[in-house]
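Peer 1: Okay, handing you the structure first.
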Amino acid sequence: MRADRLTAPVEGMEEALAAVDAFDEALVAGLLRPRPTGGDGGVTRLAEAVAGSPLAAVTAEASAKAAAGAAGEDHFVALAAARTALLGAAHDALLLRAEEATGRSREEPGDPAAGQDAPANLLTAARAWLCDLARCGWQGLDHEVVSGAAEVVSAMLPEPSLRRLAFLLDGFAAELAASCPGSSMERFPARRWADLWTRGMLLTLPGAVGTPVTGTADGRLLPLGIDLQEHPTAAQAQVHAVLEPADGSAPRLVRAAVSVPKPDTVLGAGVWQLLRPHMSLLAAAGEGRSMELTGMPVTAEGDLIWSDDHARTGEPAEAFATARVALPTASAPVTAPLDRHPARIAVPVFLEGYTPRTGEDGTVTFTVAGVDLTVDTDRIPTAGPLTPEAVARSGACIALVRWDAGEFTLQPLAVETTVRKKVTAVHAGAWAGGTTDKAGARAEKAATDAVKVLSERAGRLLRK
């Protein structure tokens with residue numbers, strides 16, 4: 001691995017992100033506050049940053065209209081598109097560095113597929129609410145403005161093609177509501193809220209919603225590791241794997257994910273019993289086994305639309321063997337246009353021969369070929385046996401290369417470490433298929449009891 005490619009500066013990156021930050025600050029105050037024409041406002045800086053692109057004319061017009069306090073929906077859409085284009089360019093440059101570091105090739109992009117048709121009136125209503133947010137800004141938030149999303153989301157949820165946008169708006173509105181009134185806030189999550197606003201705006205465009213399936217996958221699936229993301233009311237497990245196609249073509253990197261709602265009383269290893277029934281791949285990955293796929297739907301971006309009807313458990317397949325043998329030759333999938341964002345970068349990589357070090361503040365660093373790479377131990381889930389201490393003692397690691405706060409970091413999925421003089425593999429998702437570990441078993445039992453109590457209460461309420 002050429003770790004030096006992950007620390008070398010990327011030309012133009014600071015300028016692009018500075019323009020995005022300036023626009024995000026403009027969203028804090030509101031996009032229709034009068035500004036002197038040609039001033040150094042965030043909207044003007046965004047327009048200047050895309051001056052050499054096909055978006056130059058529409059963004060310049062939108063900037064002028066916003067400065068005059070006369071911007072309409074089309075202008076807000078143009079600004080959202082310009083911001084997305086800048087972050088997309090940053091994503092592409094950073095992903096190229098990650099590919100140079102790993103020596104991995106990327107699949108050639110095909111013709112873009114059309115999104116699903118959706119009711120135009122609901123898209124228009126969602127866009128109108130997002131425009132209201134942009135006009136008042138985060139500082140001008142109040143419950144009356146935020147509550148405007150409720151009716152829109154309720155109308156969207158019965159429509160399958162709009163659920164992706166509905167969930168985004170629902171979660172966004174919940175965060176905004178918890179922060180009302182905006183005038184009382186001292187600090188704002190400017191980048192996050194601007195990301196949600198921008199993505200929501202673009203998803204309201206006709207043809208943008210939906211993830212069309214572009215083909216099917218046949219062959220042997222070799223899991224590398226599980227990335228578990230947990231929130232108080234939801235959890236998602238994403239399995240990163242190498243697919244060896246049945247036709248003998250080159251292996252490729254793929255992903256499979258499952259998401260579920262959860263009560264906030266289910267914590268730690270208890271989330272697996274909520275996720276496990278929905279995807280047999282979790283048990284296979286936790287047990288170190290491969291899966292045989294037949295006709296599994298897959299998108300051009302390498303996302304398997306998982307169905308247990310198209311999979312069966314295969315032979316044992318140790319993740320570190322896969323990482324050493326199959327991962328180096330696997331091609332990376334393309335990225336969907338709206339997913340081109342630095343925060344979405346997650347490149348599987350195998351490391352060994354590094355020197356781990358723990359700083360005084362507890363930060364773990366791997367020195368790889370003389371280059372220091374920060375290990376993001378905060379991303380290690382509590383629902384598994386992997387710990388920061390095990391990472392700090394490791395000699396080999398399967399990780400995801402991510403980019404956060406201006407630098408590439410490593411998110412460990414599994415490590416090889418010495419336990420009682422024996423090299424042992426420790427996986428973050430080892431408990432996905434069940435566990436005999438005492439701590440894991442206690443968490444599973446506690447979760448079972450919590451779910452049972454909640455089910456009984458829900459049953460009584462329904463009977464009433």
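Every number in this text was worked out from the coordinates using simple rules, so none of it is lab data. Treat the numbers as computed from the prediction; the structure is a model and nothing was measured. Positions of Cβ are generated from backbone atoms using ideal geometry, with glycine treated the same way; all protein chains shown enter the neighbour counts.
Peer 1: Kindly put ARG127, ARG357, ARG104, ARG187 in sequence by how many other C-beta atoms sit within 10 Å of each C-beta, fewest to most.
Peer 2: ARG187, ARG357, ARG104, ARG127
Peer 1: Roughly how many Å is it from the Cα centre of segment 41-91 to that of segment 264-340, as a whole number?
Peer 2: Cα centroid to Cα centroid, the span is 39 Å.
Peer 1: Nearest 500 deg cm²/dmol is fine: what mean residue ellipticity at 222 nm does the chain get from its DSSP H runs of n ≥ 4 alone, each adding -39,500 (n - 2.57), divided by its residue count?
Peer 2: -12000 deg cm²/dmol
Peer 1: Based on the mean of other beta carbon atoms within 10 Å per residue, what is the order of 417-424, 91-98, most packed first?
Peer 2: 91-98, 417-424
Peer 1: Pairwise over distinct Cα atoms, reciprocal of the mean inverse distance: report the Kirkwood radius of the chain in Å, one decimal place.
Peer 2: Its Kirkwood hydrodynamic radius stands at 24.0 Å.
Peer 1: When THR365, THR377, THR59 are ordered from fewest to most other Cβ atoms inside 10 Å of their Cβ, what list results?
Peer 2: Arranged by neighbour count, lowest to highest, THR365, THR377, THR59 become THR365, THR377, THR59.
Peer 1: Follow-up question, since we're still on this one. Going by how many other Cβ atoms sit within 10 Å of their own, how do ASP21, ASP309 line up, fewest first?
Peer 2: The most exposed by this proxy come first: ASP309, ASP21.
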